[in-house]
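Nothing in this text is a laboratory measurement; each read-out follows from the coordinates by a stated rule. Just so you know, these numbers come straight off a predicted model, no measurement behind them. So basically every Cβ, Gly included, is an ideal-geometry build from the backbone, and we count neighbours across all protein chains shown.
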Amino acid sequence: MKEKINVLVTPSDKTGVGKFRSVDPHVFLQNLYPDDFHVDIDYEPQINNIEYWKKYQIVHAHRTIGQDYNIAPQLIEWLKSMGIIVIIDLDDYWLPTVEHPIHSIIVKHKIDEKIKNNLKAASYVTTTTEIFADEIKKLNKNVIVFPNAINPKELQFNQPTPPSDKIRVGWLGGSSHLHDLELLGGFVQKNSDINDKLQYVICGFDTRGTVTEINPQTGEEKQRDILPHETVWARYEEIFTTNYKIVDDEYKKFLQQFKEGEYNSGNQLPYVRVWTKPVTTYAMNYSKFDISLAPIKNHIFNRMKSQLKVIEAGFYKKALIASEIGPYTIDLVHCLKNGEFNEEGNAILIPESRNHSDWSKAIKKLVQNPEMIKVLGERLYNTVKDKYDLNVVTKNRAEFYKSLIK
């Protein structure tokens, strides 16, 4: 019997990035290739136990190994000296821009420099796109692309979209996208003549969390619980409701209580708030809208992002309107030529110079041509269904790992 390749996976968290970049890919690896691989997933590896490490031929870590960034490069070199191949995976650029909520924390603790040191020390680096790979190659030439991928049988990607008299325009994301959503350019107000046909949906709403306040004189950090109206989600909601002008007074009062629960008014509401779900069920929210929005500001952090929003919208067969930036130029082809739909396109792309006007125009174009919502969803599905199927990406990963072990 041939000897299995033993792989240790150390995810960076138990939420989104851990699922997509560490856990799911390697659970699939062992399940699809049980005769070739044995995978252990350990969130707290035994850093100083040599016998623990000697069991493995490959160590896969996201961003860093263990909790201490300062010793990670030396740990990587030590593992390499024992013949262990160390793969560092990275899905986001190491230094978020200044408007990102964690920018100041990363700069203060020099986490960006520590991540780069890990990348330099690694045997190989894996990442999400060729765009990001080209940037990482400035630090380590051994970069392999394994895109984020979907298990097509996973329940959260197979929820039916209920019928509605309204065309539902939705956005699903996290708490670091205020400057991205501000690109929408007052799109709700600009569509006031068709808003009776539309329902706007925000998914992921979350009022939990803390505020970190840094004393500029002493550098001392203090944390307190955030108040609901202080959250970025309240700002998102103002964008999608034109400061609550599209909702009546009773519904506005309900929304500004910031309490979980549905407002009992059927599906005719002009705006719907959908509260956050865990990473194992969040994608069900795609079933709540027909058109998915993906605005991103043009800067290096966003250009290095993955195309996960494209993949998710595609598996849900949603029409997609996206910024013509970085990751969204990999698979998306603009479907309008001289204002008319063409057969080659699978999405509507908004150039950076047209943010002020074209988000509202794109939505209006789909409202005027509602049959194209389904057509674009089908085209996008056909674009992503094989390329980003976790079975396909895992096959490529298995071949790569086997090539490392001679």
Largest-first principal axis extents, alpha carbons of segment 155-384, Å: 58, 42, 37
Spin-label pair LYS222/THR15, simplified geometry with 7 Å Cα→Cβ offset, distance in nm: 2.5
Alpha-carbon centroids, segment 1-21 and segment 81-123: separation in whole Å: 19
Theoretical FRET efficiency, 1/(1+(r/R0)^6), r = Cβ-Cβ of ASP248 and ASP36, R0 60 Å, to 0.05: 0.50
Span per principal axis, largest first, for the Cα atoms of segment 217-259 (Å): 47, 19, 12
DSSP beta bridges in the chain [antiparallel fraction, %, rounded to 5]: 15
Rg(Cα)/(2.2 N^0.38 Å) for the chain, N = residue count: 1.05
Two-site label geometry, GLN257 and LYS138: point separation in nm, points 7 Å out along Cα→Cβ: 5.2
Segment 339-406: GluC sites (Glu not before Pro) in DSSP coil with no more than 16 other Cβ atoms inside 10 Å: GLU343, GLU344
Candidate aspartates and glutamates for bridging to LYS2, where Cα separation is under 14 Å - those fewer than 8 sequence places away on the same chain excluded: ASP35, ASP36
Surface/4 of the Cα convex hull for segment 12-53, nm²: 3.5
Volume of the Cα convex hull of segment 240-280, divided per residue and given in Å³: 96
Under 5 Å, built H, 5+ apart or other chain: amide partners of SER306: none
Computed magnitude of the charge dipole of segment 258-298 (debye, nearest 20; Cβ of K, R +1, Cβ of D, E -1): 140
DSSP-defined antiparallel bridges as percent of all bridges, segment 155-384, nearest 5: 25
Residue pairs, from the table LYS4/LYS120; LYS337/LYS361; LYS120/LYS222, whose Cα atoms sit over 24 Å apart: LYS4/LYS120; LYS120/LYS222
Alpha-carbon centroids, segment 185-240 and segment 328-402: separation in whole Å: 27
Residues of type aspartates and glutamates that LYS245 reaches as a straight line, Cα spacing below 19 Å, ignoring anything fewer than 8 places off in the same chain: GLU182, ASP193, ASP196, GLU237
Positive-end residue of VAL232, GLN268, LEU255, charge dipole of segment 155-384 with Cβ unit charges: GLN268
Within the chain: Cβ-based charge dipole about Cα centre, in debye rounded to nearest 20 (Lys, Arg +1; Asp, Glu -1): 520
Most positive-pole-ward Cα, TRP78, ASN215, TRP171, against dipole of the chain from beta carbon charges: TRP78
Candidate aspartates and glutamates - alpha carbon under 16 Å from LYS317, same-chain residues fewer than 8 apart omitted: GLU154, ASP290, ASP331, GLU371, GLU378, ASP386, ASP389
Cα radius of gyration and Dmax for segment 225-361 (Å): 17.0, 51
